[in-house]
Structure formats: structure tokens, C-alpha cells
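What follows is a single structure, written as C-alpha cells, with notes after it.
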Amino acid sequence: MTVQGREGRPGARRPLRIRRTPDGGNRRTPDGGSRRGRLLAGLGVAVAALLALHRFVPNTPGRLGSLLESLLFWLGPLTVLLLLCAAVRRAPVALAALLLPALVWAVGFGPLLLPATAPGARELTVVQHNVADDNADPAGTARALAAAGADLIALQELVDPASAAYRRELAPRYPHHVVRGTVGLWSRHPLGAARALDIKPRDVTEPWQRALRADVRTPYGEVTAYVVHLPSVRLGPGGLASARRDESAARLGRILAEEPSGRVILAGDLNGTVDDRGLAPLTSRLAAPDRGLALSYPAALPVARIDQVLARGARVPALRTLPPTGSDHLPVLARVALDAAP
């Protein structure tokens with residue numbers, strides 16, 4: 001069989017055509033690498049939009065907005081990963097586009113990573129810890145918390161018989177305490193009036209007491225302390241189940257709106273980050289920490305800070321985690337700088 005060697009005949013090889021630009025250079029057609037560069041650039045713009053415009057992400061269905069805001073911090077590490085991919089691919093357009101989400105993330109979260117300012121006058125220290133109702137070593141947990149030397153210790157999930165261990169171990173350093181339901185406050189300073197707060201969701205019928213208010217007579221004047229445990233949230237096929245938490249947060253927000261005290265410290269397991277719109281009734285009225293990432297949950301591999309110390313008539317200059325206890329939460333320790341007494 002004869003093989004024809006001319007173009008257009010059987011067996012012929014098509015000649016290579018190279019297009020030249022007007023200046024004589026060769027023009028390469030787009031390849032897979034450039035497509036990947038465009039994809040990375042598009043992802044960068046999308047991440048920047050989510051960071052800057054997360055409030056516009058609808059909360060239905062599945063409370064997607066709250067879910068995004070709960071994990072907002074992790075868009076920063078995702079951006080770093082995309083930048084590394086762009087660098088490996090040598091995609092300058094993607095690198096330039098990814099600088100946008102990096103900048104937006106740095107503005108939002110960068111201050112939390114800066115060193116804390118030096119302690120000033122009129123400062124209190126507050127430990128916040130969900131001790132877990134299945135904690136196998138409540139006495140050891142209490143001793144570890146007391147060793148931090150805080151002025152106030154706020155605890156959640158206090159159940160019998162473990163509650164007796166917390167009272168016994170904390171008493172030597174914290175002679176003043178109040179417990180209402182499953183939340184409690186221990187103080188080095190005298191406590192004044194204390195009462196339980198009703199933030200129970202409407203559909204909860206069983207006994208449920210998870211918030212208290214107490215006046216604390218500090219060396220810098222009287223301060224009102226709230227200890228709170230908002231309902232848990234769950235992530236499932238239908239999205240983020242946070243309706244009960246949001247309802248309790250709204251009820252607590254109305255209580256705070258009527259609070260006459262000029263200086264308020266709220267410590268609690270809020271089951272949400274300060275970026276989560278479900279906690280807006282609280283975060284719109286109270287200041288969040290200035291410094292400190294302090295991811296607190298789950299203790300084995302923390303991905304979010306859901307244990308919070310917020311304040312009004314005061315600042316929270318710094319917040320950090322403490323070593324693990326027998327709980328599935330990490331304790332957090334906050335410095336609270338009080339404003340001058342009104």
C-alpha cells in the first residue's frame with residue numbers, strides 16, 4: 001500500500017502553523033495553565049466578595065449566612081492556599097486577584113493577631129468556661145481554672161454531683177459565688193443582687209435555666225456580670241439549625257437593652273462567633289475583644305471561638321485560651337478594661 005505524503009491525501013501529516021504577531025513574535029493559544037489561572041482569579045474575587053459582603057448572603061434556606069459567618073475566619077487560610085497554587089502555576093493574574101481577599105481578611109481579622117496592649121488601670125480578668133456536663137474530672141478542672149488567678153470565673157453546664165466539686169475547689173480563692181440552674185459565677189470580690197434570667201426558647205417545656213445576672217463590687221466600682229449559655233446549634237443536611245439559639249439571643253438582647261448598669265460584662269458559651277448574625281442582638285450592644293483569636297471549640301481541634309467575653313462601659317483588650325481541661329471546650333481568659341465609674 002502506497003502512503004501519500006502530500007497534504008490532504010491519506011497518511012499525510014498536517015504542517016504546523018505558527019501565527020506571528022505584528023512585531024514578529026509568536027502568539028501562543030490559551031492552554032490549560034492559563035485557564036487554571038483564570039479559575040484561581042475568579043475564586044479570589046468570590047472569596048473577597050464573601051468576606052466583604054457576607055451580610056448580604058441570605059439566611060434561608062438552612063441559615064447559610066450564619067453558617068458562612070461562623071467559618072469566616074477560615075477564608076483567610078483558604079486564600080493562602082489559593083495563593084500558593086497561583087504561585088506554583090506562575091499565574092500573575094491570579095496572584096494579583098488573590099491579593100484582594102488577602103487584604104479584606106487582613107483588615108477584618110488581622111487586628112486579632114496583633115500583640116496585646118499592656119495592662120492598664122481598672123482592669124479585671126475573667127475566665128469563661130463551659131465545663132461540660134460529662135466532665136470526668138471536675139475537681140481538676142476547677143483547680144486549673146483557679147490557677148489562672150482571674151477576678152471572675154463564669155461556668156456553664158454545672159450539674160450535680162459535679163457542682164459540689166466546683167464549689168469545694170474554688171472556695172479558697174473565690175469566696176463569693178452564685179449558681180442559677182446550670183450556670184454559675186465565682187468572684188474574688190463581693191457579690192450584690194443576683195437573679196436568674198429567662199431566656200428559654202418558647203418550645204422548650206422541660207426545666208431550663210441557663211442565664212444569670214449579678215452585681216459585682218470591684219475595687220473600681222460596681223460592675224454587672226451576666227453568665228449565659230445559649231442553646232446549641234447543629235449542622236445537618238438541612239443546614240445550620242440555630243433557631244433556638246437565635247431566639248434566646250434575641251430575648252437576652254431585649255434584657256440588655258433595659259439593663260440600667262453602665263458597666264456590663266457578659267461571659268458565656270454563646271454557641272456562635274461574634275461575626276454570626278444570629279448573635280447580633282448581643283454584639284450590637286456589647287464590645288467584642290480587640291486582640292486574640294482564641295478558638296475554643298472543639299477542644300481537640302478548635303475551629304471557632306464560641307466562648308465569648310463581651311462588655312459595655314468597658315473594653316476587652318485581649319482574650320486567649322487556657323490549656324485543655326476535661327471539657328470539650330477550651331477555657332478562655334479575657335482582660336476587661338473598665339471605663340471610669342459613671
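Some points to look at:
- In the context of the full set of protein chains, residues of region 69-143 present 52 Å² of accessible surface per residue (probe radius 1.4 Å, heavy atoms only).
- Heavy atoms of the protein chains alone define the surface here; on that basis region 215-312 has 36 Å² accessible area per residue at 1.4 Å probe size.
- Euclidean distance between Cα centres, region 320-342 to region 258-279, Å: 14 Å
- Here the simple spin-label model places points 7 Å from the Cα toward Cβ, and for residue 53 and residue 217 these points are separated by 5.6 nm.
- Residue-averaged 222 nm ellipticity for the chain, from DSSP H runs of 4+ at -39500 (n - 2.57), nearest 500: -9500 deg cm²/dmol
- Within region 113-199, DSSP assigns beta bridges of which about 65% are antiparallel (rounded to the nearest 5).
- Highest mean packing comes first when the peptides 307-314, 293-300, 278-285, 109-116 are listed by Cβ atoms within 10 Å, giving 307-314, 278-285, 293-300, 109-116.
- Label reach from residue 250 (point 7 Å along Cα→C-beta): in region 199-213, amide nitrogens under 16 Å belong to 199-204.
- Pair residue 204, residue 106: separation of 7 Å Cα→Cβ label points (nm): 4.3 nm
- The simple spin-label model puts a point 7 Å past each Cα toward its Cβ; for residue 148 and residue 38 those points are separated by 5.2 nm.
- Region 164-229 shape via C-alpha gyration tensor axes, a/c threshold 1.5: oblate
- Longest segment of the chain lacking GluC sites (Glu not before Pro) that sit in a DSSP loop with at most 10 other Cβ atoms within 10 Å: 8-257
- In the set [x] 143; [y] 159; [z] 225, the label that goes with volume of the Cα convex hull per residue in Å³ computed for this structure is [z].
- Extension gain (nm, one decimal) between residue 235 and residue 60, 0.36 nm per residue minus Cα-Cα: 61.6 nm
- Length released on extending from residue 168 to residue 258, taking residue separation times 0.36 nm less the Cα-Cα span: 28.9 nm
- Rounded if a/c under 1.5, otherwise prolate or oblate - region 62-101, Cα gyration tensor axes: prolate
The values are calculated or read from the model by the stated rules, or taken from the named source; none is laboratory data. Predicted model, so just to flag it, every value in this text is computed and none were measured. Glycine also receives a Cβ, built like all others from the backbone with ideal geometry; neighbour counts cover every protein chain displayed. Accessible surface is based on the protein model in full, side chains and every heavy atom, while ligands, DNA and RNA are left aside. Shrake-Rupley method; radii C 1.70, N 1.55, O 1.52, S 1.80 Å.
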